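Notes to accompany the following structure.
Taken together, the values in this text are just the output of simple stated rules run on the coordinates, not laboratory data. All of these numbers come straight from a predicted model, not from anything done at the bench. We place every Cβ from the backbone using ideal geometry, glycine too, and count neighbours over all the protein chains shown.
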Amino acid sequence: MSSIRERNKELILRAASEEFADKGFAATKTSDIAIKAGLPKPNVYYYFKSKDNLYREVLESIIEPILRASTPFNPDGEPNEVLSSYIRSKIRISRDLPFASKVFASEIMHGAPHLSADQVEQLNAQARHNIECIQTWVERGQIAPIDPHHLLFSIWAATQTYADFDWQISVVTGKARLEDADYEAAAQTIIRMVLKGCAPD
């Protein structure tokens, strides 16, 4: 019974991610989510109670991986290894959760109205921690004297573009869908640029 419950919740969550990414929160209907999930509309309410709760679940599904991606960051970590691991994790998020990533990007662009104060603080605390680690590496001479904020922003932009701007990438590459090899090439390219740019002077 629990496996059926989890399967149905996953179907609904995936369908909701696609609908919210495509139409936004206000224009999305629970009936369209149910149709895309292949389940009766009452199931959506049974598992998630409301569209608001479902939207928050979609956000939660992307926030957790974003927070986990920063696990390697610590002042005593080897910068090249930490940054490489972080970039690969961010690329995996864009590959595995593209629709949730778009929903998250839209939420941020609109001032994060649906994020809880706790979620905002978690994300900000994570960013502050990563920035402090990078600054420590700079002060120790382990990496070039770059601005930690802008290094982080650049990594976010470079990795999240593979989810948030997938249409443009598809048009330019001529591929309807990127393959694992494409994501690996993306990760290697971004890692090379970041590590070369961060190399001590």
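The angle separating the long axis of helix 180-198 from the principal Cα axis of greatest extent in the chain is about 30 degrees. Counting beta carbons within 10 Å around each of ASP147, ASP76 and listing the fewest first gives the order ASP76, ASP147.
Using the Cβ-Cβ distance between SER154 and ASN74 with R0 = 22 Å, the FRET efficiency computed as 1/(1 + (r/R0)^6) comes to roughly 0.60.
Against the chain, whose longest principal axis comes from its Cα atoms, helix 117-140 is set at around 20 degrees. For the pair GLN142 and ALA176, what calculated FRET efficiency results from E = 1/(1 + (r/R0)^6), where r is the Cβ-Cβ distance and R0 = 30 Å, to the nearest 0.05? Computed FRET efficiency for ALA176 and GLN142: 0.10.
In the chain, helical runs assigned H by DSSP with n ≥ 4 each contribute -39500 (n - 2.57); averaged across all residues and rounded to the nearest 500, the mean residue ellipticity at 222 nm is -26000 deg cm²/dmol. Counting neighbouring Cβ atoms within 10 Å and putting the fewest first, the residues SER84, SER101 line up as SER84, SER101. Against the chain, whose longest principal axis is taken from its Cα atoms, helix 148-164 shows a tilt of about 40°.
Comparing SER3, TYR86, GLN188 along the charge dipole axis of the chain, the residue lying farthest to the positive side is SER3, per the Cβ-charge model. Of the residues TYR162, PRO98, ALA27, the one whose Cα sits farthest towards the positive end of the charge dipole of the chain is ALA27 (charges of +1 on Lys and Arg Cβ, -1 on Asp and Glu Cβ, taken about the Cα centre). What FRET efficiency would be calculated for the residue pair PHE165, GLU60, taking the C-beta separation as r and a Förster radius of 22 Å, to the nearest 0.05? Working from the Cβ atoms, E equals 0.40. Panel order for ASP180, ASP164, ASP32, by other beta carbons found within 10 Å of each beta carbon, from fewest to most: ASP180, ASP32, ASP164. Of GLN126, GLN160, GLN168, the residue with the greatest mean-square motion in the GNM of the chain, using alpha carbon springs below 10 Å, is GLN168.
Cα centroid separation, the stretch 23-96 to the stretch 125-201: 20 Å. For the stretch 57-198, the square roots of the Cα gyration tensor eigenvalues, ordered a ≥ b ≥ c, give a/c of at least 1.5 with a/b no greater than b/c, which places it in the oblate category.
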